[in-house]
1. Residue-wise, which Karplus ³J(HN,Hα) couplings in Hz belong to region 62-69, taking 6.51 cos²θ - 1.76 cosθ + 1.60, θ = phi - 60°, and x for glycine or proline?
2. Would you mind getting me the FRET efficiency between Asp95 and Glu40? Use the beta-carbon distance for r and R0 = 30 Å, nearest 0.05.
3. Taking amide H positions as placed 1.01 Å from N in the peptide plane, with prolines and chain starts having none, which residues 5 or more places from Ala30, or on another chain, fall under 5 Å of its amide H?
4. With labels modelled as points extended 7 Å from the Cα through the Cβ direction, what inter-label distance (nm, one decimal) is found for Leu13 paired with Glu120?
5. Based on Cβ point charges of +1 for Lys and Arg and -1 for Asp and Glu, what charge dipole magnitude is obtained for the chain about its Cα centre, in debye rounded to the nearest 20?
6. Which three extents, in angstrom, do the Cα atoms of the chain have along their principal axes, listed largest first?
7. Please identify every one of the GluC sites (Glu not before Pro) in region 14-123 that sits in a loop by DSSP and has no more than 13 other beta carbons within 10 Å of its own beta carbon.
8. Report the trypsin sites (Lys or Arg not before Pro) located in region 23-125 that are in a DSSP loop and have at most 16 other Cβ atoms inside 10 Å of their Cβ, or state none.
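Each reported figure results from applying straightforward, stated rules to the coordinates on display, with no laboratory input. This one's a predicted model, so the numbers in the text were calculated from it and none came from an experiment. As a convention, Cβ positions derive from the backbone with ideal geometry for all residues, glycine included, and neighbour counts pool all protein chains shown.
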Amino acid sequence: MKRRVMIVDDEALLARTLSHAFRDAGYDVATAGSAEQAEEILAAAERPFDLLILDNRLPGKSGLEMLAAWPQRARTRIVLMTAYDTAETHQRGVDLGVDLYLRKPFDLSTLLSQAAKLLEEGVET
């Protein structure tokens, strides 16, 4: 069964680029342009996503606010992307279970390899 990845970013070009790259790498991919849209997709999903790639700065609710309100996050590996890196944001991400913290811009091949490694390691429950 294919690994499931959700990409949440309001930057359409980046979301499309990531979606194509992960599909080409063999993943089943869903995308959302906001935390609220992602929450709807997650709530309706028949099975959990294996990996969530989440921008922090989104319209409406931030990525970190979404994580704080998402009770099933312990079953999913989480990558938080941000162009606005602060020590507070990083620490809050760690506190909420973020597995990988990426500062934009980042190298796509690095993200793909790190994502594969995260998924190989699995999720500690």
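1. 6, x, 5, 5, 4, 4, 4, 9
2. Numbers: r = 25 Å, r/R0 = 0.84.
The formula returns an efficiency of 0.75 here.
3. Residues meeting the criterion, in which the H sits 1.01 Å from N, are Val5, Met6, Ile7.
4. Distance between the two pseudo-spin positions: 3.3 nm.
5. Taking the Cα centre of the chain as origin, the dipole is about 220 debye.
6. 36, 30, 27
7. Details: sites: Glu36, Glu39, Glu40, Glu46, Glu65, Glu88, Glu120, Glu121; in loops: Glu46.
Taking region 14-123 and a limit of 13 other Cβ atoms within 10 Å, the loop GluC sites (Glu not before Pro) found are Glu46.
8. Passing both the DSSP loop test and the Cβ count: Arg57, Lys61.
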